[in-house]
1. Of all residues in segment B:255-271, which are of a type outside the set (D, E) and either within 25 Å of B:G291 (Cβ to Cβ) or assigned to a strand (DSSP E or B) (or both)?
2. Does A:A3 fit the bill of being of a type in the set (G, A, S) and either modelled with pLDDT of 95 or more or not in a loop (DSSP other than H, G, I, E, B) (or both)?
3. So A:R132 clears everything in (1) under 24 Å from A:A208 (Cα atoms); (2) surrounded by 24 or more Cβ atoms within 10 Å (Cβ to Cβ); (3) in the same structural domain as A:V190 (by TED's automatic domain parsing) except one condition, right? Which one?
4. Would you be able to tell me the number of residues in segment B:169-191 that are among the acidic types (D, E), over 18 Å from B:G38 (Cβ atoms) and at pLDDT below 95?
5. For segment A:31-56, which positions are part of a loop (DSSP other than H, G, I, E, B), over 30 Å from B:A256 (Cβ atoms) and in contact with a helix residue (DSSP H, G or I) (Cβ under 9 Å, 6 or more places away or on another chain)?
6. Could you check how many residues of segment A:88-118 are in contact with a Leu (Cβ under 6 Å, 6 or more places away or on another chain) and not hydrophobic (A, V, I, L, M, F, W, C)?
7. Filter segment B:236-254 down to residues that are crowded, with 23+ Cβ neighbours inside 10 Å and within 11 Å of chain A (Cβ to nearest Cβ) and give me whichever is farthest from B:K10 (Cα to Cα).
Amino acid sequence: MSAIESLHDTDLAQTSVRELNQALHAASAGRWQVANPGGRHAIAAGLTAPLEVEIDGHAGYYCAGMNQLATVRVHGNAGVGVAENMMSGRVEVDGDASQSAGATAHGGLLVVHGNASARCGISMKGVDIVVRGSVGHLSAFMAQTGRLVVCGDAGDSLGDSLYEARLYVRGSVASLGADCVEKDLREEHVTEIAALLTAAGIDDVDPATFRRYGSARRLYTFDVDDAGSFA
Amino acid sequence: MCGIVGIFSKSPGLSERLGEHLARMLVQMGDRGPDSAGAAIYRDPVAQGAAKLSLYSADDSVRWDEIEAAIGDALGVSRSRPVTARHRLVEVEADPEPAQAWVEEHLPGLRVMSAGRTIEMFKEAVTPARFVQEYGIAGMTGSHAIAHTRMATESRVTTQGSHPFSTGRDLCLVHNGSLSNHNRLRQELRREGIGFQTDNDTEVAAGYLTWRMREGATLEEALEGCLEDLDGFYTFAVGTADGFAVLRDPIACKPAVMAETDDYVAIASEYRALADLPGAADAEVWEPSPGVVYSWGAAVVGG
């Protein structure tokens, strides 16, 4: 198992997810092409090496969860919790992502080329998330650090109970969550968005057309006199 | 947990194999809840003025011949089909509501699982795999069907507490989630004359829909009322004479995935259950939005 270029084909109609994941956990390098994912759960979860994994079809829950260093691309939709608790590396979804995409993730880049549904980036702790489409309600709930870039719209209660994550939305925001406010989009933010879009491979969206949202910092430095603000 | 599956056929070829698809989808969702399983299949409508009754007896040694004779004398039985030792499908020469009322009054040992012109409903406190085998689900044809596999949280594991729950003529409800205001709502609905047989939360949701539609609401209006009046988590699928309807609560903790091709519209708790449907890889796949009523077919009260 030495060749960097080693290429592995795995058909999940023939091989179990556990066998696939054990092979991925044992490898230090290589490329995997995974056929017939069939919405199975935990595909390519827990990787710790700079592998490349291509999944041809729709993945189930927790795909590429806890990822470190690996690059995982889903040529289809991803179920609940794609790239949850990712530490580093890159996870890319060509279709839509279900709820809680990138939940609690500490690092790396998650790119969703379709839409992400509710709670995208919930409790994110340093991950960068770029969504080509829209995100559902309660996205970036309790988000601590990291950046969330949404080229489409955001659902209700964006950034509720937000800490220091930075949120950029190009379209409409249905409503802001408690303690989340719109802030000025300065030059440094446009530069930051441009770099994230480039990293995500998105080159037809103007980084200056986003709006920035962040924490008003009244909730996590709570003063009882502000209680009325959080009804 | 709990798992929901449903499929609505848009082509004769798919209708021929509806049960086969439904059975596979349901078994695939079995690990979301193996406590009990049930299905409502819509097919072979009977004539105006007639009804299909899905009857259940908790007693294995029930004398179906005597029961049929009694129903025949009162209502006229045109056809009767044993499904299992405890389930029987009886076609009567009376409208569904009076037929159901007669059975409930005169044969209190039986439970009318469903009454309508097209619905057939079966459920049992067994695993989905055993359910589909014992009831021959894979061999059933039909225009559409919904099914459920249960992980009990709010009430006991019994056939009575299994899904689907009947909510009126040709209507039934399956539910993934839990309701927290069902005790209070059950009391209120009892005052409105809605009967309940269990302490199950989903039965209250079914009773709520029955009550709203009795008061003149359409199915869509009744479902929209759930958003106001039900407190809890839910993905609902409602089987109707002509199709099905789907509603997720506004928080949308409980999953749902839809897939549509030229041949079918299907719903499941997870994509896994849809993956083996014909053409699934190229189907349009999406999650129903929270708090929005979706319906396929003419989702109306049958009749």
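The values are calculated or read from the model by the stated rules, or taken from the named source; none is laboratory data. All values derive from a computational prediction rather than experimental measurement. Don't worry about glycine lacking a Cβ; one is built from the backbone with ideal geometry, like all the others, and counts go over all protein chains shown.
1. Quick first cut of segment B:255-271, residues of a type outside the set (D, E) only: B:255-259, B:261, B:264-269, B:271.
Residues satisfying the conditions are B:P255, B:A256, B:V257, B:M258, B:A259, B:Y264, B:V265, B:A266, B:I267, B:A268, B:S269, B:Y271.
2. Details: of a type in the set (G, A, S): yes; either modelled with pLDDT of 95 or more or not in a loop (DSSP other than H, G, I, E, B) (or both): no.
Here the answer is no, as A:A3 does not meet what is asked.
3. (2)
4. Our first condition is that a residue be among the acidic types (D, E); within segment B:169-191, this holds for B:170, B:188.
Adding the requirement that they be over 18 Å from B:G38 (Cβ atoms) leaves B:188.
Narrowing further to those that are at pLDDT below 95: none.
The total comes to 0.
5. Going through segment A:31-56, the residues part of a loop (DSSP other than H, G, I, E, B) turn out to be A:36-51.
Still in the running and over 30 Å from B:A256 (Cβ atoms): A:48-51.
Matches in segment A:31-56: A:T48, A:A49, A:L51.
6. 4
7. B:A252
Okay, residues lined up against (1) without any contact (Cβ under 8 Å) to a residue 60 or more places away in the chain; (2) within 25 Å of B:D31 (Cα to Cα); (3) surrounded by fewer than 24 Cβ atoms within 10 Å (Cβ to Cβ):
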residue: A:M87; (1), (2), (3): yes, no, yes
residue: A:S98; (1), (2), (3): yes, yes, no
residue: A:A103; (1), (2), (3): yes, yes, no
residue: A:G108; (1), (2), (3): yes, no, no
